[in-house]
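*Asks:* Structure incoming, see below.
What follows draws every value from the coordinates through simple rules; no lab data is involved. Predicted, not measured: the structure shown is a model, and the values here were computed from it. Neighbour counts are summed over all protein chains in view; Cβ atoms, including those assigned to glycine, are modelled from backbone coordinates with ideal geometry.
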There are 2 protein chains.
Amino acid sequence: MAGVRPKSGPTMHDVAAAAGVSQATVSLVLNSAPGSRFSEETRRRVRDAVDQLGYRTNAHAKVLREGVAGMVGFIGDSVATSPFAGAIIEGAQERAWEDGLLLLTVNTGGDKKLEAASLDTMLSYKVAGVVYAAMYHRLLDVPSALAGVPSVVLNSQDRAGHLPSVAPDEVKGGYTATRRLLEAGHSRVGLINIESLESGLPAAVGRHEGYQRALEEAGLKVDPSLVRFGQGGEEDGYRYAMELLTAATPPTAIFCANDRTAWGAYQAASDLRLSIPEDLSIVGFDNQTTVAPHLRPGLTTLELPFVAMGRRAVDLLLQGAEPDGRVELMECPLIERKSVTHPKEIP
Amino acid sequence: MAGVRPKSGPTMHDVAAAAGVSQATVSLVLNSAPGSRFSEETRRRVRDAVDQLGYRTNAHAKVLREGVAGMVGFIGDSVATSPFAGAIIEGAQERAWEDGLLLLTVNTGGDKKLEAASLDTMLSYKVAGVVYAAMYHRLLDVPSALAGVPSVVLNSQDRAGHLPSVAPDEVKGGYTATRRLLEAGHSRVGLINIESLESGLPAAVGRHEGYQRALEEAGLKVDPSLVRFGQGGEEDGYRYAMELLTAATPPTAIFCANDRTAWGAYQAASDLRLSIPEDLSIVGFDNQTTVAPHLRPGLTTLELPFVAMGRRAVDLLLQGAEPDGRVELMECPLIERKSVTHPKEIP
């Protein structure tokens, strides 16, 4: 498609000028370029210019001329109905539509019969491929029918190691969160995890590993008295923050392995009349938009890259999605707000 | 389908026995019966029994035999990616699947070209009908192509008054919220609304009207000094609750017209060292699952009936969705938690 000029309306040149980038960049951003090649900022500028100018690729022109788009199948357990993972659909659909494809989304709620019927139907409608998505990061057994069509596992990993997977980089996220606190000057950094390590939950295991790595890199030992394992809710955040903060030598900072846990830690700090961040620094994880920006002070946290992951999964599909078992881990950006500062000086 | 026995597996009789209802009820619940006819509890029992027993209707058997399901189109502005409205898709898909239909979901993000292409594609795939859904309740201009297929406007209303619409009953919700506070013994009940009345936003106008009705029915006059208009965020909830609570004669209860506003009011109460509910009772609206159950104390609020609305929209489609301009308003249930009690006695 690159370089071919639509018969009317704005050209790729116009988009490049409006976005302040080269035509080659516009072409690459709009045509399957992997997420890592351009910054999210560049991609966003291009997409904004496309929207503002009403630029249409040849794929769009074809769809509008013929009145029928091809489809990409999207099977999710509960993605569409979970409060946050829905953004993954936004990314997948946005990317599919750049190639003139619609997303045929089925939310199975875990119903295997519905899943089987959906897959059969998708195959009979000749979808270009199937994204098999999970609401939270785990190891999945994928349906065997996926072998018959390009398929990508999204926000999880294929337990059998056949299909390519796109998932968040939990280890790097945990490392970044902990390092943020260490760089602010803290040396007693607690961790309230969201599951036991025995659970095997990638979010719990990976974020924990990142925490350890950051401490070790800073020449610190992991102190088990500063680590707790909750279940990811406010109640556990409250309970374990209380335990940590009322101990003989409390931490000056806590990495809460999700935002809900962080919210509970805020409540514990409030009950103990501790100010955040002056008396206690906190970093969360997930950047839940209904919680993290609205805590007082706003929560510094890591964002799950839902939109980027959705885009990347469709990228891989459109490239054929060879069943090479690759796992592409995508970075969770640090979202700075107001919950981290340097520790008070020791009196 | 009613009464016809699938060739193998559990029968409708088995479902009825497991759910503790009659076969006729199972049949009606599974076949287009309007939401009002049975309680949500009855419907849930039937659906749970269907799931547990693995009961399949003839429609499912046909899909599984032939490998291809029909489709219902679902066009949403941002429904799939909004934190809560996604449940509307769950309801719509669940109902469609009871008749062996899949939901072809497109999230347009307001892109009119994508919307047009999606509609063309849906029509070319011969969808049984189209649900045209909005992320929040408003008056919509619907695309003219919807005239060519059974269509229902969901979580909004057709401005032109042609298509049938399914939307929450905002007035009754506002009435129920306010009445809950009046029945607890409060007579000075404040309101922090989420938009001006001039905005025309059904949630703001309707909830306000319900507030007025409940007061008038109780023989009370609306006191404008107890009413504020914010924009639906915590900041406004905090600011206006502060104003109301530091006035010469503060309210003993506040109806916050959404949960975010209520969260802000909680923060104001905390700063003023007022206990909820002992010093101040609060009722919210929306039942946002990431906020309302997790406030301390849990927030008593009204729930937007997303699942039921999604189901009802597909019901109407499958009944042909005559363009009679009807607006079906669905009840928002009161969710009791811990934020309401009687007022302290006047000293």
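*Asks:* Quick one: work out the % antiparallel among DSSP beta bridges in region A:170-304, nearest 5.
*Replies:* Working: 0 of 12 bridges.
Taking every DSSP beta bridge within region A:170-304, about 0 percent pair in antiparallel fashion.
*Asks:* Could I ask something else about it? Taking amide H positions as placed 1.01 Å from N in the peptide plane, with prolines and chain starts having none, which residues 5 or more places from residue A:302, or on another chain, fall under 5 Å of its amide H?
*Replies:* Distant-sequence amide H within range of residue A:302: A:284, A:285, A:286, A:287, A:335.
*Asks:* While we're looking at this one, here's another question. Taking a ≥ b ≥ c as the square roots of the eigenvalues of the Cα gyration tensor of region A:170-304, is the shape rounded (a/c under 1.5), prolate (a/b larger than b/c) or oblate?
*Replies:* Working: a/c = 1.31, a/b = 1.12, b/c = 1.17.
Rounded is the answer for region A:170-304, as its axis ratio a/c remains below 1.5.
*Asks:* Below 8 Å, C-alpha to C-alpha, sequence gap of six or more: please give me the relative contact order for chain A in percent. Mind showing how you got there, number by number?
*Replies:* Numbers: 716 pairs, mean separation 63.3, N = 347.
This gives 18 percent for chain A.
*Asks:* What distance in nm separates the simple spin-label points at residue B:247 and residue B:338, each placed 7 Å from Cα in the Cβ direction?
*Replies:* Calculated label separation equals 2.9 nm.
*Asks:* Taking the number of other C-beta atoms within 10 Å as the exposure measure, put A:335, A:194, B:254 in order starting with the fewest.
*Replies:* Values: A:335 17, A:194 24, B:254 32.
The fewest-first ordering by Cβ neighbours comes to A:335, A:194, B:254.
*Asks:* Please find the FRET efficiency linking residue B:41 to residue B:223, where r is the Cβ-Cβ separation and R0 is fixed at 60 Å, and quote it to the nearest 0.05. Don't skip to the answer; put the middle values down first.
*Replies:* Values: r = 39 Å, r/R0 = 0.64.
So, using R0 = 60 Å, E works out to roughly 0.95.
*Asks:* Out of the trypsin sites (Lys or Arg not before Pro) in region B:80-156, which ones are loop residues according to DSSP with at most 14 other C-beta atoms within 10 Å?
*Replies:* On the way: sites: B:95, B:112, B:113, B:126, B:138; in loops: B:126, B:138.
Loop-located and lightly packed - B:126.
*Asks:* Using DSSP to define loop residues, name the trypsin sites (Lys or Arg not before Pro) in region A:233-336 whose beta-carbon has at most 11 other beta-carbon atoms within 10 Å. Numbers along the way, then the final one.
*Replies:* Values: sites: A:239, A:260, A:273, A:311, A:312, A:326; in loops: A:273, A:326.
Within region A:233-336, the qualifying trypsin sites (Lys or Arg not before Pro) (loop, at most 11 other Cβ atoms within 10 Å) are A:273.
*Asks:* Any idea what the relative contact order of region A:170-304 is, in percent, if you count C-alpha pairs under 8 Å spaced at least 6 apart?
*Replies:* Values: 264 pairs, mean separation 34.5, N = 135.
With pairs under 8 Å counted, the relative contact order is 26 percent.
*Asks:* In this model, which of A:112/B:172; A:112/B:113; B:172/B:338; B:112/B:172; A:113/B:126 are farther than 30 Å apart at the alpha-carbon?
*Replies:* The answer is A:112/B:172; A:112/B:113; B:112/B:172.
*Asks:* Can you list the GluC sites (Glu not before Pro) in region A:284-347 that are in a DSSP coil and have 14 or fewer other beta carbons within 10 angstrom?
*Replies:* Numbers: sites: A:303, A:328, A:331, A:336, A:345; in loops: A:331, A:336, A:345.
Here the GluC sites (Glu not before Pro) that fit, given the DSSP loop and packing criteria, are A:336, A:345.
*Asks:* Let me ask something else. Please rank B:242, B:122, fewest neighbouring Cβ atoms within 10 Å first, as an exposure proxy.
*Replies:* Values: B:242 17, B:122 25.
Fewest-to-most ranking of B:242, B:122: B:242, B:122.
*Asks:* Consider a paramagnetic label point 7 Å from the Cα of residue A:196 along Cα→Cβ; state which residues of region A:203-222 have an amide N under 19 Å from it.
*Replies:* Once the point is set 7 Å along Cα→Cβ of residue A:196, A:203-209 turn out to lie under 19 Å by backbone N, inside region A:203-222.
*Asks:* Stretched out fully, how many nm does the piece from residue B:48 to residue B:272 gain, at 0.36 nm a residue minus the Cα gap? Numbers along the way, then the final one.
*Replies:* On the way: separation 224, 0.36 × 224 = 80.64 nm, distance 4.64 nm.
That pair, residue B:48 and residue B:272, stretches by 76.0 nm at full extension.
*Asks:* Tally Lys and Arg at +1 and Asp and Glu at -1 over the other residues with C-beta under 11 Å from the C-beta of residue A:202: what net charge comes out? Walk me through the numbers on the way to the answer.
*Replies:* On the way: positive: A:138, A:207; negative: A:169, A:170, A:195, A:209.
Every neighbour counted, the sum reads -2.
*Asks:* Fewest to most neighbouring Cβ within 10 Å: what's the order for A:136, A:240?
*Replies:* Numbers: A:136 18, A:240 24.
Neighbour counts put them in this order, fewest first: A:136, A:240.
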